[in-house]
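> Before anything else, here's the structure in question.
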Amino acid sequence: MAAGPERSPLVAAGLVDAHIHPDKTSWGDRWMTRRPAATLDELIRNNILALSEYGKSVEDRAHALMSHALRNGTLAMRAHVDVGTAVGLAHVEGVRAAAERIGPDLTVQIVCFPQFGLLTDPGALDLMAASLDAGADIVGGIDPLGRDGDVAGHLDAVFGLSARSGRDLDIHLHDGGEEGLAQIREIAARTRATSMQGRVTVSHAFALCDDTLPSLRATLDDVADARLWITTCALGPDPVPDLDLFESHGVQLAAGSDGVRDSWSPYGTGSMVDRAHLLGYRTGAITDADLERCYRIASTEGGRMLGIPDLALDTDATSATRLEFDAPTIAQLVVDRPAPLRVIRHGRVL
């Protein structure tokens, strides 16, 4: 029997990992045995204990993960990298060196992330300022109330550093409940007051995923009005957004991997196709439109968030930046999770 015509590759937009911690990964290193942890403080403690347990340097581990992500179609990532008195600037310098080894095919934005606290870690703010001259691009923050216990003080510090340096801002916010929503509304208010609309991201924003909270919808309107970006990672037991609700309120959403095989979790593959699949699974995506939205959140929406023109647009077979897959449709691609046949950036086949 004669073979049928060969199927043309499916052309898709380049993938963007909008929230990842490459300095923490054990990718390409020996297996890491994780300690139990029930709270954020315990996870952070385990993170500190693990610093002496890696067999390879930050640069080598980050390079291994970034290289793998690039082969799987990730063309840009926002890397949240620990800065604080426990690590100094070493992690920022290591991740920047890894990115430079890979070159321009993978765009890497580094967030100086005060993982161990900001106000509660005296000297961390000075180190964050110094990191912006050592390879970091974006100012980070973490749980102004839950971690630092001072919403106004924490936001004064990070918005102040952002203003002095002219850098964008990306704040981890794990705090839930109405307290979490109140912090998000305060971030939105400060974003408008400083004319930083579109330049501020709230990562995780678990409070926005709780439909039982009375002020949820008003907060979503505030988020949209301030043009805040929200990132989700659809991790294990963590809350996930109601995608229809976010879309109806005009909230901008991108997706990331978060930690990949680090002291926090043994899971993660570095593939944003896998992450789109997980987002679809966690949010009950069934229709083709639902699945296509998950791919968009993991690709062009991330490109818009990071401000990267060639990753913020849909593509076709003539695009200089594109992915090619052996799949009939985007919907089936998200379900089947193949690696790309070809990864093309700026006209070069990688």
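> State whether the range 135-190 is rounded, prolate or oblate according to the following rule on the C-alpha gyration tensor (a ≥ b ≥ c being the square roots of its eigenvalues): a/c under 1.5 gives rounded; otherwise a/b larger than b/c gives prolate, and the remaining case gives oblate. Show your work: numbers first, answer last.
Details: a/c = 2.05, a/b = 1.84, b/c = 1.11.
Prolate is the answer for the range 135-190, as a/c is 1.5 or above and a/b outweighs b/c.
> Next question, about the same structure. Test of understanding: in a Gaussian network model of the chain with alpha carbons linked when under 10 Å, which of A207, A134, A254 would top the mean-square fluctuation ranking?
A134
> About the Cα centre, and with charges only on the beta carbon of Lys, Arg (+1) and Asp, Glu (-1), how big is the dipole of the range 219-350? Nearest 20 debye, please.
Details: 12 positive and 20 negative charges, 122 e Å.
Computed charge dipole of the range 219-350: roughly 580 debye.
> Taking only Cα atoms, what is the 0 to 90° angle, nearest 10, from helix 90-102's long axis to the longest principal axis of the chain?
20 degrees
> Using the Cα centre of the chain as origin and beta-carbon charges of +1 (Lys, Arg) and -1 (Asp, Glu), tell me which of Q252, A129, G270 is placed farthest towards the positive end of the dipole.
Final value for the positive-end residue is G270.
> Please turn the phi angles of the range 272-281 into ³J(HN,Hα) values with the Karplus equation 6.51 cos²θ - 1.76 cosθ + 1.60 (θ = phi - 60°), one per residue in order, whole Hz, x for glycine and proline.
7, 5, 4, 5, 4, 4, 5, 4, x, 5
> May I have the pair-distance distribution P(r) for the chain, computed from all Cα-Cα distances with 10 Å bins from 0 and rounded to whole percent?
6, 26, 35, 24, 7, 1, 0, 0
> Hey, another quick one. Expressed in nm to one decimal, what extension gain is obtained for the pair A182 and T39 from 0.36 nm per residue of sequence separation less their Cα-Cα distance? Let's see the in-between values first.
Working: separation 143, 0.36 × 143 = 51.48 nm, distance 2.14 nm.
Using 0.36 nm per residue and subtracting the Cα-Cα distance, I get 49.3 nm.
> Say each of E247 and R217 gets a label point 7 Å from the Cα, pointing the same way as Cα to Cβ; how far apart are those two points in nm?
1.9 nm
> I've got another one for you. Quick one: dipole size for the chain, taken about the Cα centre, charges +1 on Lys/Arg Cβ and -1 on Asp/Glu Cβ, in debye to the nearest 20. Working shown, then result.
Working: 32 positive and 49 negative charges, 182 e Å.
Approximately 880 debye in magnitude.
> A further question on this structure: Going by amide H atoms built from the backbone, whose H comes under 5 Å of the H on H174, apart from near neighbours?
Here the answer is D143, since their amide H atoms fall under 5 Å of that of H174.
> Towards the positive end of the charge dipole of the range 175-261, with charges on Cβ (+1 Lys, Arg; -1 Asp, Glu), say which of T194, G180, A207 has the farthest Cα.
T194
> Here is a further query. Do me a favour and compute the ellipsoid semi-axes for the range 100-162 from its Cα gyration tensor, root of five times each eigenvalue, largest one first, whole Å.
Working: eigenvalues 128, 24, 19 Å².
Semi-axes (√(5λ), whole Å): 25, 11, 10.
> Just how large is the dipole of the range 1-153 about the Cα centre, in debye to the nearest 20, putting +1 at every Lys and Arg Cβ and -1 at every Asp and Glu Cβ?
Values: 13 positive and 20 negative charges, 127 e Å.
In debye, rounded to 20, the range 1-153 gives about 620.
> Using just the helices of the chain, give the 222 nm mean residue ellipticity in deg cm²/dmol: DSSP H runs with n ≥ 4 each add -39,500 (n - 2.57), and the total is spread over all residues, rounded to 500. Walk me through the intermediate numbers first.
Working: 12 runs with 129 residues, N = 350.
When only DSSP H runs of four or more count, the value is -11000 deg cm²/dmol.
> May I ask for the distance between the Cα centers of the range 274-350 and the range 36-81, given as a whole number of Å?
24 Å
> What accessible area per residue comes out for the chain, rounded to a whole number of Å², with a 1.4 Å probe?
Details: 13960 Å² over 350 residues.
Per-residue accessible area for the chain comes out at 40 Å².
The values are calculated or read from the model by the stated rules, or taken from the named source; none is laboratory data. Computed from a predicted model, the values in this text were never measured in an experiment. Reconstructed Cβ throughout: ideal geometry from the backbone, glycine too, with neighbour counts over all protein chains shown. Heavy atoms of the whole protein, side chains included, go into the accessibility calculation; ligands, DNA and RNA do not. Shrake-Rupley method; radii C 1.70, N 1.55, O 1.52, S 1.80 Å.
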